[in-house]
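The values are calculated or read from the model by the stated rules, or taken from the named source; none is laboratory data. Just so you know, these numbers come straight off a predicted model, no measurement behind them. Cβ atoms come from the backbone with ideal geometry, glycine included; neighbour counts cover every protein chain shown. Calculation scope for accessible area: heavy atoms of the full protein, side chains included, ligands and nucleic acids excluded. Shrake-Rupley method; radii C 1.70, N 1.55, O 1.52, S 1.80 Å.
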Amino acid sequence: MPSSFGLSSLFLALFLIHGVSSSSSTKTKTNAPTKIGQGYRLIAAEETPDGGLVGHLQVKKKNNIYGSDIPNLQLFVKHETEDRLRVHITDADRQRWEVPYNLLPREQPPVTKQTITRSRKNPNPITVSEYSGSELTFSYVSDPFGFAVKRKSDGQVLFNTSSEESDPFGDLVFKDQYLEISTRLPKDASLYGLGENTQPHGIKLYPNDPYTLYTTDVSAINLNTDLYGSHPVYMDLRNVGGKAYAHGVLLLNSNGMDVFYRGNSLTYKVIGGVFDFYFFSGPSPLTVVDQYTSFIGRPAPMPYWSFGFHQCRWGYHNLSVVEDVVDSYKKAQIPLDVIWNDDDHMDGKKDFTLNPANYPRPKLLAFLDKIHSIGMKYIVIIDPGIAVNSSYGVYQRGIANDVFIKWDNEPYLAQVWPGAVNFPDFLNPKTVSWWVDEIRRFHELVPVDGLWIDMNEISNFCSGKCTIPKGKQCPTGTGPGWICCLDCKNITNTRWDDPPYKINASGSQVPIGFKTIATSAVHYNGVLEYDAHSLYGFSQSIATHKGLQGLQGKRPFILSRSTYVGSGKYAAHWTGDNQGTWENLRYSISTMLNFGIFGVPMVGSDICGFYPQPTEELCNRWIEVGAFYPFSRDHANYYSPRQELYQWDSVAQSARNALGMRYKLLPYLYTLNYEAHISGAPIARPLFFSFPTYTECYGLSTQFLLGSSLMVSPVLEQGKSEVKALFPPGSWYSLFDMTQTIVSKGGRYVTLDAPLHVVNVHLYQNTILPMQQGGLLSKEARKTPFSLVVTFPAGESEGKAEGKLFLDDDELPEIKIGSQSSYIEFYATVSNGKVKLWSEVQEGKFALDNGWIVEKVTVLGLGGSGVASAVEIDGKPAAAGVSDVEVSSTEQIHVEGGGEDGGGTSVMVEVKGLSLLVGKSFTVSWNMGISN
């Protein structure tokens, strides 16, 4: 569904672009180093009984810029794990807002009144000191107070809040509604993260671009603007002497903030809360995400079917249209697993209802029986706004349970698609119980397979204090549904609605309550919307997850537009309202890769764009990228012409090709889903995750990896039939034509052929890739025999390869190795002309019960031009004429790329007719005979 800034987003885009450019004229002034205060002095510090460090900071000199300084601060430092350090700074005298500990579980800092009292009586200046853990060291300077975090293993300073005379920045500032802190950075550090925004320069943070974090319903077509999510975390990657070192920094704060990155420093300007920093030592990009997700919550396990292809549209006016879409995909022989409804199924756009005329329940249930019987799934949207309607049961029960956010002790009135609405307060335990019950009631009405939670930034078509107009219909039922028709007046008489420091909201410094809830509105226990605003989608995801998990004991699938730190534990994400343009196709890759770093690996963009209609060529190229998004969905707007993949013959051909490969790769994608859940590893990754020492790929945003070794190099420009792709050092094998090999000794760019229906996907050396035969449904594809693709360094006489496969009953809530799953590790070696492939199985019963077999093994990159002989299976010869095993050898061409790397050959050996049980360990070996 579109943003509340509506399909007038195109006009808004122009307004915001103007806003960004006009604010950019003041960017130099805004970005210049500030000197708002003279900082704080550390006057006492001591160890806590559990091994932490607590200190007392005193302001040096007060001023009234952005409000008065808080005079006394408490510093708490603790090495929470071997690779995680926490630095927490708050008001020493009064409790301040923090991200609720029940939403994001973590250790509570101590309350240390005795230390503070003692230090006030005996102020002793403290010299430079250090507090060391196993991998990180915290050091501090007492006056003005500053701290640094250093990694012990290599001595690198990861964070340093003390500026240098040559490049000064402001000291620590801590006021009620303005907090500021800065860190020095090496000029060659590459930074990633600080989202959600659409970054025109790619995944790498770009100096002097605005990075504002505050959840806002602004269309994703707007560049360098705070969008639907808030993720105040970044990864810092450095190359020192040819070695790569990465670390992560999280500022756990839900208030609005601007982050200014000037290349050699980073400054946070936050409008509330506390400084609660977490440092993750790395030192590889993968370990940073592992350490980060071990703290914020591991990504939710996704069901197998969710890795199939999804089709949605705002504007499937009745059930017969949906039925026709499903039939048309089948006729076109394009895979489809999940059909979606935007709000078309609803009665008057009200949550948890069915339109009795266009989606009559008996016919819908018959349709669902039909698609469920073959393994297809059905998902619908729900928005947080609950229609104010005395005859609407959901609203009645909400009022009875007192579940809504308040303003002046009354439910806060807003407007979204159904008209006047109230918003549930998911910080209230009673609201969560009510929401879980409404999901249960709806599931009894319609057995949906997942829920799509949208508009949860929160989006509001109006601003300020509103009332329902008397004597006129609102909404009118004609014209755009996103025009505010309530009677509203601005609320600017509180310091919450008009804070002293203006973050760069929506890229144009709009009031922070614009088109959302007034920030003086009140949640459960007196919590202000001012503080909790960016947590709304996160708290709704938790409640929705709880509601779905209780239904039939199945694994939940939730797609959320708004996200926060920890959202990946509960939900998938799509990148919101994009445009059907070549630029938006390119931007989708950067946003997808960022969310992998944020711990939300199940992510994708609306394929072919949400609006306006893409060109036929663009839709061809978009499905060739979107087929490899972790979450792959075509979604279009009410006002756009139809753009299902079968609408153009050429797009249907590209879809059959690209999605055909995706469905063969489902076992690999699902194994990556398992690895994401146990270690946080992103499904889609920037190339530097696998090649951290290869600096050429640090800013690369036009290619990506699935897992550690499958590289997608798409066409992203109009009119192109080739693509210039970067190949990091090593051997790469085309997945669509395994005879084509690229050997990149030192890393290089190669120009690849890419006619309209071709997408280049390459598999890296040292890999064993499990695949199946594909199909039009994941349920059917899952039943087909396996093949293994083994890659060695091309032409080398010695080599190793390995891979993994996770299989389970994907409807179970948990994903783990046990009686209802199987986990297989594959290994292969080539040495002295002998090739050996074997498996090691944990919990084989599940795979054996399903009868899965490996039917084919393909080994790439073997040396010489020989043929395979003396094939043995589990130590016994596979005699010709006795077994069904067939062996063939094909010469592989090393694609010319210029220079010394081009040319050469290697051999591909294919062994077919195998019947190796996946659930039982096996060994296959053969000799490579040398022929002239």
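Which order do the peptides 384-391, 60-67, 542-549 come out in when sorted by mean C-beta neighbours inside 10 angstrom, highest first?
For the peptides 384-391, 60-67, 542-549, the packing ranking is 542-549, 384-391, 60-67.
Measure up Lys62/Lys406; Lys377/Lys664; Lys349/Lys546; Lys377/Lys569 against 26 Å on the Cα-Cα distance and list the ones that go over.
Lys62/Lys406
For Lys472, go through the aspartates and glutamates and keep the ones whose alpha-carbon is under 12 Å away, minus same-chain ones fewer than eight residues off.
Counting by Cα, and skipping residues close in sequence, Lys472 has these aspartates and glutamates nearby: Asp487.
Counting only protein heavy atoms and a 1.4 Å probe, tell me what percentage of region 366-475's accessible area is made up of carbon and sulfur.
Carbon and sulfur atoms account for 49 percent of the accessible area of region 366-475.
By the 4.7 Å beta carbon criterion, which cysteine residues of the chain come out unpaired?
Cys312, Cys697
Between Ser744, Gly863, Val54, whose Cα lies farthest towards the positive end of the dipole of the chain when Lys and Arg beta carbons carry +1 and Asp and Glu beta carbons carry -1, centred on the Cα centre?
Sorting the options by dipole projection puts first Val54.
Could you name the aspartates and glutamates whose alpha carbon sits less than 19 Å from that of Lys204, not counting residues in the same chain fewer than 8 places away?
Reachable aspartates and glutamates: Asp188, Glu196, Asp226, Asp236, Asp258, Glu583, Glu696.
What is the dipole size for region 304-672, taken about its Cα centre, with +1 at each Lys and Arg Cβ and -1 at each Asp and Glu Cβ, in debye to the nearest 20? Before the final figure, lay out the partial values.
Details: 33 positive and 35 negative charges, 93 e Å.
Taking the Cα centre of region 304-672 as origin, the dipole is about 440 debye.
Taking amide H positions as placed in the peptide plane 1.01 Å from N, state which residues far from Lys804 in sequence (5 or more) or on other chains have amide H under 5 Å from it.
The answer is Phe826.
In whole percent, how big is the carbon plus sulfur part of the accessible area of region 39-296, probe 1.4 Å, protein atoms only?
With neighbouring chains kept in place, the figure for region 39-296 is 48 percent.
When ligands, DNA and RNA are left out and all protein chains stay put, how many square angstrom of accessible area per residue does region 360-465 have with a 1.4 Å probe? List each step's numbers first, then the result.
Details: 3520 Å² over 106 residues.
Accessible area per residue: 33 Å².
If packing is taken as the average count of other Cβ atoms within 10 Å, what order do 143-154, 511-522 fall into, highest mean first?
On the way: 143-154: 18.5, 511-522: 23.4.
The densest-packed peptide leads the list: 511-522, 143-154.
On full extension of the chain, what length is gained from Gln108 through Lys35, given 0.36 nm per residue of separation minus the C-alpha to C-alpha distance?
23.1 nm
Taking amide H atoms as placed 1.01 Å from N in the peptide plane, list the residues 5 or more away in sequence, or in a different chain, whose amide H sits under 5 Å from that of Trp97.
Gly273
³J(HN,Hα) across region 496-505 via Karplus (A = 6.51, B = -1.76, C = 1.60, θ = phi - 60°), whole Hz, x for Gly/Pro?
Calculated HN-Hα couplings, in order: 7, 7, 9, x, x, 9, 9, 5, 7, 4 Hz.
Give me the number: length gained by fully extending Asp884 to Ser166, i.e. 0.36 nm times residue separation minus the C-alpha to C-alpha distance, one decimal in nm.
Numbers: separation 718, 0.36 × 718 = 258.48 nm, distance 7.50 nm.
My answer for the length gained is 251.0 nm.
Would you work out the charge dipole size for region 260-380 about its Cα centre, treating the Cβ of every Lys and Arg as +1 and the Cβ of every Asp and Glu as -1, and quote it to the nearest 20 debye?
Its charge dipole is roughly 160 debye.
Where Lys and Arg each count +1 and Asp and Glu each count -1, what net charge lies around Asn318 among other residues with Cβ under 11 Å from its Cβ?
Combined, the nearby Lys, Arg, Asp and Glu give -2.
Rank-order 808-816, 244-252 by packing density, defined as the average count of other C-beta atoms within 10 Å over each peptide's residues, highest first.
Details: 808-816: 16.6, 244-252: 22.8.
Descending packing order for the listed peptides: 244-252, 808-816.
In Å², and per residue, what accessible area does region 653-761 have when probed at 1.4 Å with the other protein chains present?
Result: 29 Å² of accessible area for each residue.
Could you tell me how many degrees, from 0 to 90 and to the nearest 10, lie between the Cα long axis of helix 582-597 and the main elongation axis, the longest principal axis, of the Cα atoms of the chain?
In the chain, helix 582-597 runs at an angle near 80 degrees to the longest axis.
Any idea which of Leu788, Pro630, Leu807 is furthest toward the positive side of the dipole for the chain, if Lys and Arg beta-carbons carry +1 and Asp and Glu beta-carbons -1?
Going by the charge dipole, the pick is Pro630.
Divide by every residue of the chain the summed helix terms, -39500 (n - 2.57) for each DSSP H run of at least 4, and state the resulting mean residue ellipticity at 222 nm, rounded to the nearest 500 deg cm²/dmol. Please report the intermediate quantities before stating the final value.
On the way: 16 runs with 178 residues, N = 932.
Helices in the chain give a 222 nm mean residue ellipticity of -6000 deg cm²/dmol.
Which one of Ala246, Tyr764, Tyr378 has its Cα pushed farthest toward the positive end of the charge dipole of the chain, where Lys and Arg give +1 and Asp and Glu give -1 at the Cβ?
Ala246
Starting from the Cα of Glu410, step 7 Å along the direction of its Cβ; do the same at Thr581; then give the gap between the two resulting points in nm.
Each label point lies 7 Å from its Cα, and together they span 4.2 nm.
Taking the Cα centre of region 686-927 as origin and charging only Cβ (+1 Lys, Arg; -1 Asp, Glu), how large is the dipole, in debye to the nearest 20?
The dipole of region 686-927 has a size of about 140 debye.
Expressed as a rounded percentage, what relative contact order does the chain have, with Cα pairs under 8 Å and six or more residues apart?
Normalised by residue count, the contact order of the chain is 10 percent.
Which percentage, to the nearest 5, of the DSSP beta bridges contained in the chain is antiparallel? List each step's numbers first, then the result.
Values: 162 of 196 bridges.
If I count the DSSP bridges inside the chain, around 85 percent turn out antiparallel.
Please calculate how many Å² of accessible area region 39-296 carries per residue, with a 1.4 Å probe and no DNA, RNA or ligand atoms counted.
33
Mean separation of Cα pairs under 8 Å and 6+ residues apart, divided by the residue count of region 39-296: what relative contact order is that in percent?
18
Contour minus end-to-end for Lys363 and Trp838, with contour as 0.36 nm per residue of separation and end-to-end as the Cα-Cα distance?
Gain on extension, Lys363 to Trp838, equals 165.9 nm.
When a/c is below 1.5 the answer is rounded, else prolate if a/b is larger than b/c, else oblate, so apply that to region 686-927 with a ≥ b ≥ c taken from the square roots of the Cα gyration tensor eigenvalues.
Here region 686-927 falls in the oblate category.
Name the residues of region 785-799 whose amide N is less than 17 Å from a point 7 angstrom out from the Cα of Lys920 along the C-beta direction?
786
Which lysines have a Cα less than 18 Å from the Cα of Lys834, not counting those fewer than 8 places away in the same chain?
Those lysines meeting the cut-off are Lys800, Lys876.
Over region 60-113, what is the mean sequence separation of C-alpha contacts under 8 Å (at least six apart), divided by residue count, expressed as relative contact order in percent?
Contact order relative to length: 26 percent.
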